[in-house]
Amino acid sequence: MNAITTNERVSITVEGGVADVRLTRAEKRNAFDDAMFEGVNAAIAELAANPAVRVVVVSGEGPCFSAGLDLSNFGKMASGDFKSGESIVALPRTPTGANRGQQVSFGWRDLPVPVIMAVHGVALGAGFQLALGGDFRFVTPDVKMSAFEMNWGLTPDMGAFPILRELVRADVARDLVYSARVVEGEEALAIGLATRVCADPRAEALAYAREIAGKNPDAIKAAKRIFNMGTDATVAEILEAESREIGALIGSPNQKEAVNARLEKREAQYA
């Protein structure tokens, strides 16, 4: 086991290829202050640089996943003491195009390995958009999820728009954003926000992560690269990517190990 504490807001434990990432600001319902933004993005960078990580599970300590933006930020907005206008547009961006806030959701998509968000309690506003960044969302039946920004006179600005268009119908995405209504577990599953509804999302996510970690890590990464081409890629581009990825996998050491392990009825030992 390799335990890493990124900062006072996020902890990471890596075991058997699975990174268990925890938001640790439980006393503030894992609300996003500057330290939380920095902590989450530092965790993403740490995981991206760790070749031992094959799957990531993200969850929140305490009563909820994340209640969203720290309330102190809204006081700053009301007083005018907050970045606005062109100053937001001009913020530094990643190669994907995300600024610091957007990286909180898009950074997980950019990781080369699958990410499972284990969501309980509430996931509101910034917390909702953080959850959207995962490949999967495992949620409790009584979870409360909302693109909450409209209640503060704002629009979501941490990656909700491009991600929602992949997950739900266009009219459903508009409903979620315009109304800021709360969605619970079974509805989240029905409309495409959630992958699974379960009593203990973190435990189930960790078990599923261990299952994925037992597959050829090169093939898993290749599949995520293809999925990440998204809705903007043409069919021809995706088909070409399929051919390119399979060409690199066939005959590679880990692919040979997958075949041999299958034929010999044993667990594979991947490099």
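Read the figures in this text as sums done on the coordinates, not as results from a lab. Worth saying up front: this structure is predicted, and the values here are computed from it rather than measured. Positions of Cβ are generated from backbone atoms using ideal geometry, with glycine treated the same way; all protein chains shown enter the neighbour counts.
Have a look at PRO114, ILE88, ALA160 and report the one farthest towards the positive end of the charge dipole of the chain, computed about the Cα centre with Cβ charges (Lys/Arg +1, Asp/Glu -1).
PRO114
Restricting to bridges with both residues inside the chain, how much of the DSSP beta-bridge set is antiparallel, in percent to the nearest 5?
Numbers: 12 of 32 bridges.
If I count the DSSP bridges inside the chain, around 40 percent turn out antiparallel.
Assuming R0 = 45 Å, can you tell me the calculated FRET efficiency for the pair ARG262 and GLU184, based on Cβ-Cβ distance, to the nearest 0.05? Intermediate results must be reported in sequence, preceding the final value.
On the way: r = 41 Å, r/R0 = 0.91.
According to the calculation, E is roughly 0.65.
For each of GLU46, GLU15, count neighbouring Cβ atoms within 10 Å of the residue's Cβ, then give the residues from fewest to most.
GLU15, GLU46
Order these by the 10 Å Cβ neighbour count, fewest first: SER72, SER252, SER146.
Numbers: SER72 11, SER252 14, SER146 21.
Least to most surrounded, the residues fall as SER72, SER252, SER146.
Say R0 is 22 Å: what FRET efficiency, to the nearest 0.05, do LYS221 and ARG93 get from their beta-carbon distance?
On the way: r = 24 Å, r/R0 = 1.08.
Calculated value: 0.40.
Highest GNM mean-square fluctuation, the chain, Cα pairs closer than 10 Å: which of ALA236, ALA52, ALA194?
Most flexible of the set in this elastic network: ALA236.
A 29 angstrom limit on the alpha carbon distance is what I want to check against. Which of LYS28/LYS224; LYS224/LYS256; LYS28/LYS215 exceed it? Mind dumping the intermediate values first?
Values: LYS28/LYS224 34 Å; LYS224/LYS256 20 Å; LYS28/LYS215 38 Å.
Long pairs (Cα-Cα over 29 Å): LYS28/LYS224; LYS28/LYS215.
Among the GluC sites (Glu not before Pro) within the stretch 163-271, which fall in a DSSP loop and have no more than 13 other Cβ atoms within 10 Å of their own Cβ?
Qualifying residues, ordered by number: GLU264, GLU267.
If one puts a single equal scatterer on every Cα of the stretch 217-263 and applies the Debye formula without solvent, what log₁₀ I(q)/I(0) results at q = 0.27, 0.30, 0.31 Å⁻¹?
-0.95, -1.07, -1.11
When the Karplus curve 6.51 cos²θ - 1.76 cosθ + 1.60 is applied with θ = phi - 60°, which whole-Hz ³J(HN,Hα) does each residue of the stretch 131-143 get, with x for Gly and Pro?
4, 4, x, x, 5, 9, 10, 9, 10, 7, x, 9, 4
What is the dipole size for the stretch 217-263, taken about its Cα centre, with +1 at each Lys and Arg Cβ and -1 at each Asp and Glu Cβ, in debye to the nearest 20? Don't skip to the end; give the middle numbers.
Details: 6 positive and 7 negative charges, 50 e Å.
In total the dipole reaches around 240 debye.
Consider all pairwise Cα distances in the stretch 2-213 and report the whole-number % of them above 24 Å.
It works out to 37 percent of all Cα pairs.
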